[in-house]
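Novice: This structure is in structure tokens; I'll ask about it shortly.
The values are calculated or read from the model by the stated rules, or taken from the named source; none is laboratory data. In this text the structure is predicted, and so the values were computed from the model without any measurement. Here the Cβ positions follow ideal geometry from the backbone for every residue, glycine too, while neighbour counts run over all protein chains shown. The accessibility values were calculated without ligands, DNA or RNA, using every heavy atom of the protein model including side chains. Shrake-Rupley method; radii C 1.70, N 1.55, O 1.52, S 1.80 Å.
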Amino acid sequence: MTAAGTAPEADQPKDFAFTPENLERAKRIIAKYPEGKQQSAVIPLLDIAQRQHHNWLPRAAMDHVADLLEMPRIRVYEVASFYTMFNKAPVGRHFFQVCTTTPCWLRGSGEVMRALKDKAGCGNHETSEDGQFSVLEVECLGACVNAPMVQINDDFYEDLDYDKTVALIEALKAGQPTTPGPQNGRTNSEALSGATTLLGLKPGHRPAVPASAGPVRNGTKGDQPDTAPGGAPSPQEVADQAEASPGAHRGDATPEKKARTQEKIDPPGRQTGTTDTGEK
């Protein structure tokens, strides 16, 4: 069974309808668009339909979305055929989209594909006999610094090799939980040797100003922190310094704008104090 293309007629259900919960979701999405522009909701509605129908879009589901949006069915077919995130044929429970573009290929995406063939029993455009796995080679997924990587359903799994891919497949087969992201222990996309900047931050920490923080009034800072994480000056201190020394942030030696001496430059061939009459 392929993981791409269009499902044969034998696999196409005769009808499709949103569940009551998904119909309410669809109506809320449609209501976000101005009058006469409701057809712009076609992509999110197709996504809802695909998630409801085992991660693929049968023709009946596309027809249902078209009728709901009052648009020609062929227009919905065009959208579903253009975007690769829509599967028009059945795929496995664990849908592996393997990036094999240059950065991932240089870092070993071929070993990822070999592990899938060996342990999941399927290669590109194939689904395993038990229906658990489907594999599709795709173009760049935008995680080049963590190459090689794959997307499994909605999640990215990065920094893979043959053994790590095998371990991931075995965990999925056993129904064990898996952790998306880098599989080699590094935090997000930091350097393999470890963090080189923001060393005062803890791994996974994302500094943010509290929602209750307000502007400085009457010379008091209120709820704003005295300093930013890591000992850096707070945003308010930076603003105060810039206001006290206008131009300092541009690298000027003094706050005042320097006066520049204007020099008169004569055109080539002319001398100061002479008049060119044009006569020879």
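Novice: Can you confirm whether the stretch 176-189 contains a residue that is assigned to a helix (DSSP H, G or I), out of contact with any helix residue (DSSP H, G or I) (no Cβ under 7 Å at 6 or more places or on another chain), modelled with pLDDT of 95 or more and at negative phi? Steps first, answer last, please.
Specialist: Kept after step one, since they are assigned to a helix (DSSP H, G or I), are these residues of the stretch 176-189: none.
No.
Novice: Working carefully through the options Arg59, Arg75, find the one that is of a type in the set (Lys, Arg), under 21 Å from Ser134 (Cβ atoms), out of contact with any strand residue (DSSP E or B) (no Cβ under 7 Å at 6 or more places or on another chain) and open to solvent by 50 Å² or more (accessible area, probe 1.4 Å).
Specialist: Step by step, each of Arg59, Arg75 is checked, and only Arg59 is of a type in the set (Lys, Arg), under 21 Å from Ser134 (Cβ atoms), out of contact with any strand residue (DSSP E or B) (no Cβ under 7 Å at 6 or more places or on another chain) and open to solvent by 50 Å² or more (accessible area, probe 1.4 Å).
Novice: Pull out all pairs, ordered by first then second residue, where Cβ-Cβ is under 6 Å, the residues are six or more apart or on different chains, the first lies in the stretch 66-91 and is at negative phi, and the second is in a helix (DSSP H, G or I) and open to solvent by 40 Å² or more (accessible area, probe 1.4 Å).
Specialist: Taking only residues 6 or more apart or on different chains, the pairs are Ala66/Arg73; Leu69/Gln38; Leu69/Gln39; Met71/Gln39.
Novice: Report whether or not Gly121 is surrounded by fewer than 16 Cβ atoms within 10 Å (Cβ to Cβ) and out of contact with any helix residue (DSSP H, G or I) (no Cβ under 8 Å at 6 or more places or on another chain).
Specialist: Details: surrounded by fewer than 16 Cβ atoms within 10 Å (Cβ to Cβ): no; out of contact with any helix residue (DSSP H, G or I) (no Cβ under 8 Å at 6 or more places or on another chain): yes.
No: the conditions fail for Gly121.
Novice: Residue check, Glu170 against (1) more than 27 Å from Ala191 (Cα to Cα); (2) in a strand (DSSP E or B), all met but one. Which one?
Specialist: (2)
Novice: In the stretch 78-88, is there at least one residue being open to solvent by less than 80 Å² (accessible area, probe 1.4 Å), of a type in the set (A, V, I, L, M, F, W, C) and farther than 23 Å from Gly142 by Cα? Spell out the reasoning first.
Specialist: Step one: of the stretch 78-88, the residues open to solvent by less than 80 Å² (accessible area, probe 1.4 Å) are 79-81, 86-88.
Next cut, of a type in the set (A, V, I, L, M, F, W, C) only: 79-80, 86.
Next cut, farther than 23 Å from Gly142 by Cα only: none.
Among the residues of the stretch 78-88, not one is open to solvent by less than 80 Å² (accessible area, probe 1.4 Å), of a type in the set (A, V, I, L, M, F, W, C) and farther than 23 Å from Gly142 by Cα, which makes the answer no.
Novice: Does His64 satisfy the condition of being in contact with a Phe, Trp or Tyr (Cβ under 9 Å, 6 or more places away or on another chain) and more than 24 Å from Pro177 (Cβ to Cβ)?
Specialist: Numbers: in contact with a Phe, Trp or Tyr (Cβ under 9 Å, 6 or more places away or on another chain): yes; more than 24 Å from Pro177 (Cβ to Cβ): yes.
So His64 fits the description; yes.
Novice: On to the next question. How many of the residues in the stretch 46-56 are more than 13 Å from Phe16 (Cα to Cα) and either open to solvent by less than 10 Å² (accessible area, probe 1.4 Å) or of a type in the set (Asp, Glu) (or both)?
Specialist: So the answer is 1.
Novice: Quick one: which helices (runs of 4 or more DSSP H) lie wholly within the stretch 42-153 and hold at least 2 residues that are in contact with a Pro (Cβ under 9 Å, 6 or more places away or on another chain)?
Specialist: Details: elements: 42-52, 59-69, 73-82, 102-106, 109-115.
Counting at least 2 such residues, we get 59-69, 102-106, 109-115.
Novice: From the list Gly123, Gly131, Gly36, which residue is out of contact with any Ser or Thr (no Cβ under 9 Å at 6 or more places or on another chain) and in contact (Cβ under 8 Å) with a residue 24 or more places away in the chain?
Specialist: Working: Gly123 fails: in contact (Cβ under 8 Å) with a residue 24 or more places away in the chain; Gly36 fails: in contact (Cβ under 8 Å) with a residue 24 or more places away in the chain.
Only one candidate passes the filter, namely Gly131.
Novice: Of these, Val135, Val145, which one is open to solvent by less than 10 Å² (accessible area, probe 1.4 Å) and not acidic (Asp, Glu)? Explain how you work it out, then say what you get.
Specialist: On the way: Val145 fails: open to solvent by less than 10 Å² (accessible area, probe 1.4 Å).
After ruling out the rest, the residue left standing is Val135.
Novice: Taking Thr165, is it part of a loop (DSSP other than H, G, I, E, B), touching a residue at least 12 places away in the same chain (Cβ under 8 Å), surrounded by 12 or more Cβ atoms within 10 Å (Cβ to Cβ) and among the β-branched types (Val, Ile, Thr)? Spell out the reasoning first.
Specialist: Working: part of a loop (DSSP other than H, G, I, E, B): no; touching a residue at least 12 places away in the same chain (Cβ under 8 Å): yes; surrounded by 12 or more Cβ atoms within 10 Å (Cβ to Cβ): yes; among the β-branched types (Val, Ile, Thr): yes.
Criteria not met by Thr165.
Novice: With (1) open to solvent by less than 100 Å² (accessible area, probe 1.4 Å); (2) over 25 Å from Gln151 (Cβ atoms); (3) modelled with pLDDT of 95 or more as the list, and Pro8 as the residue in question, which single condition is left unmet?
Specialist: (3)
Novice: Does Phe95 meet the test of being under 20 Å from the mean Cα position of the chain (by Cα), within 25 Å of Glu9 (Cα to Cα), open to solvent by less than 10 Å² (accessible area, probe 1.4 Å) and touching a residue at least 60 places away in the same chain (Cβ under 8 Å)? Spell out how you get there, then give the answer.
Specialist: Numbers: under 20 Å from the mean Cα position of the chain (by Cα): yes; within 25 Å of Glu9 (Cα to Cα): yes; open to solvent by less than 10 Å² (accessible area, probe 1.4 Å): yes; touching a residue at least 60 places away in the same chain (Cβ under 8 Å): yes.
In short, yes.
Novice: Looking at Glu35, is it assigned to a loop (DSSP other than H, G, I, E, B), open to solvent by 70 Å² or more (accessible area, probe 1.4 Å) and either among the aliphatic types (A, V, I, L, M) or more than 29 Å from His125 (Cα to Cα) (or both)?
Specialist: Working: assigned to a loop (DSSP other than H, G, I, E, B): yes; open to solvent by 70 Å² or more (accessible area, probe 1.4 Å): yes; either among the aliphatic types (A, V, I, L, M) or more than 29 Å from His125 (Cα to Cα) (or both): yes.
Spelling it out, Glu35 is indeed assigned to a loop (DSSP other than H, G, I, E, B), open to solvent by 70 Å² or more (accessible area, probe 1.4 Å) and either among the aliphatic types (A, V, I, L, M) or more than 29 Å from His125 (Cα to Cα) (or both).
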